[in-house]
Each structure stands twice: as structure tokens, then as C-alpha cells.
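The values are calculated or read from the model by the stated rules, or taken from the named source; none is laboratory data. The structure displayed is predicted, hence computed values, not measured ones. Here the Cβ positions follow ideal geometry from the backbone for every residue, glycine too, while neighbour counts run over all protein chains shown. Surface accessibility is based on the protein's heavy atoms, side chains included, excluding ligands, DNA and RNA. Shrake-Rupley method; radii C 1.70, N 1.55, O 1.52, S 1.80 Å.
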Amino acid sequence: MPSDLGEFLRNRRGEVRPDDVGLPIGRARRVPGLRREEVALLAGVSVDYYVRLEQGRERNPSAQVLDALAETLRLDDDARQHAFRLAGLAPRPVSTRREQVSPSLLQLMDGWPGNPALVLSRCYDVLARNRLGTALFHAFTHSDNLLLNVFRDPAARAFYADWQYAAVNTVAGFRLATGSAPDDSRTLAILDELRATSPEFRQIWARNQARGKSAEVKTFLHPEVGRITLRMQTFDVREAPGQQLVVYHAEPGSTDAQALALLGSIAATREQVT
């Protein structure tokens, strides 16, 4: 039976074109990706050994073998780290305590009145948000989990200018983030719900992509201020491993900055009313 590592390698192999690694494409190819024997040759392992890795009959590759495969399959740092975790070569801490955000981080976030900010848990629960972060994602009502909102909240498809891109990125980030605690009960509950309710999630999850959040540009179609494009930066919270601080900002002087300022005013007014 294929292992998680085997499925991951097979999926990545299918996404690397022969010309990406200096091999001729040829006319006899039935699939666009690399053949098993090509991966084995490029990584310096026997074909039989690599086949056993994909089939799950070999489950304990060395770090040297994984490094060679990562180079062959063009894995970025996030995907390489994920492969090592699947092979049991990275620590996989599991915490059963309820996650909390430190008071000093909350104070820092509140000191950014012009920047939406969120703190996410390993399984993408929103643990904290500042006023503008709340206002930016005000349309979501399904849950306090970013992944569930993307797939289960009808507002998501109207909120993200490119919902498909947002969905693929969110799933890849979720897979990477939860790789260090795959047996966590909250993670398993989210996976069970989405596998049971969302065919689109099942299809994207089957791609086995693992990629963390990074500096990105995101466009939202906000119900109160219209189209708004923001830059996003993500930081690991070192004092709470697994937590991520996500901060958005607009280009100074742009119409997006004006829309963000308007959103802040709306949020302040809403707080006064309530």
C-alpha cells in the first residue's frame, strides 16, 4: 500500500517536465512528467529502490536520498521540509493544550490601525485578529477556520477575486503547517469535514502540494469597499511554534489604501454602534 511519502513523490514526479531537468521530451511519452527510472537515474538510486519508495515498500530513506530526490523533483524549501517530515526525519511535536496568543503580540497587532492582521494556528484556526483584520474578513460567518471558510462559506467565492488560486494555496499551506502534527484531533476533524462535504477540496488535497504562506499580492472583492488589492506578509511566531502572523498592507497613496482607510472607518463606526 502506498505511503504518504510515496504518494507525495509520485505526485511531484508527475509535475516535473523532462525538459525541466535537461531530458528530451520525445514522442513516446504517455504522461508529461518524469518516469520512475529517470528520477532514479537523476537522484543516483536504483530503479528498484525508487519504485519501492513510491509503492510504500521502502519507508525509511536516508536524508541523503531525500536531498537527492528533492533536487531532482525541484522541490522548494517548504516541499522539501514536508518530504522529510513524511519520512520521519523531522520532529513532529503534537501539542494538546489550547492555543493562545501572547498578550504582547495582541498589543502589537492593535497598534497597527492601518494594517489588517491575523494570527493563525497550525490548522488555520483564526486565533486572533485586530480591528481591521476583523473588518476585512467580515463577510465570513461559517467558522473561525480559514480553510473551512474557503470551501464551506458561500461568501468565499464572491470575496476572493481568484477563488481557485486562493483555494489551492490555502490547501497547500494547510498541508505543510499540519505536517508536524498529523494526528492532532482538530486537524483530523477539519479534514474529515472537508473530505465529506467538498469534492473540490478532495481534488485539490489529492495533488499533495505542500507550500507555506509567503509574500503575496491578494485581491479581494469586499462587500463594503469593493475591489481591494493588498500585499500579504507572513511571519512565524517563534514563541508559539505552529502559529503564524499574517499582515496585509496597501500601496501608499493608492486607491487600495483609500479603500483600506474607508474600511477602518466603517469598522470603528460599527464598534461604536455595538
With axes computed from alpha carbons, what is the tilt in degrees of helix 63-72 against the longest principal axis of the chain, rounded to the nearest 10 within 0 to 90?
80
In range of the label at Gln55: residues from segment 61-91 whose backbone nitrogen is under 17 Å from the point 7 Å along Cα→Cβ:
61
Taking the 0 to 90 degree range and rounding to the nearest ten, how far is the long axis of helix 255-273 tilted relative to the main principal axis of the chain, both from C-alpha atoms?
60
Defining a contact as two alpha carbons under 8 Å apart and six or more residues distant in sequence, what relative contact order in percent does the chain show?
16
Consider the candidate values (1) 0.95; (2) 1.03; (3) 1.07; state which one is Rg/Rh (Cα atoms, Kirkwood Rh) computed from the structure displayed.
(2)
Can you put Tyr49, Tyr248 in order of accessible area, largest first, using a 1.4 Å probe?
Tyr49, Tyr248
Result for segment 42-149: accessible area per residue, probe 1.4 angstrom, in square angstrom, of 50
For the chain, set up a Gaussian network in which alpha carbons nearer than 10 Å are linked by springs, and say which option among Arg52, Arg80, Arg211 fluctuates the most.
Arg52
GNM on the chain, C-alpha springs below 10 Å: top fluctuator among Ala189, Ala161, Ala177?
Ala189
For Cα pairs less than 8 Å apart in space and 6+ apart in sequence, what is the mean separation divided by the residue count of segment 22-152, i.e. the relative contact order in percent?
12
Listed residues Leu86, Leu108, Leu34; largest mean-square fluctuation, Gaussian network over the chain with Cα springs below 10 Å, found at Leu108
Rounding to the nearest 10 and keeping the result within 0 to 90°, find how far the Cα-based axis of helix 77-86 lies from the longest principal axis of the chain.
60
Carbon + sulfur, % of accessible area of the chain - ligands and nucleic acids excluded, 1.4 Å
50
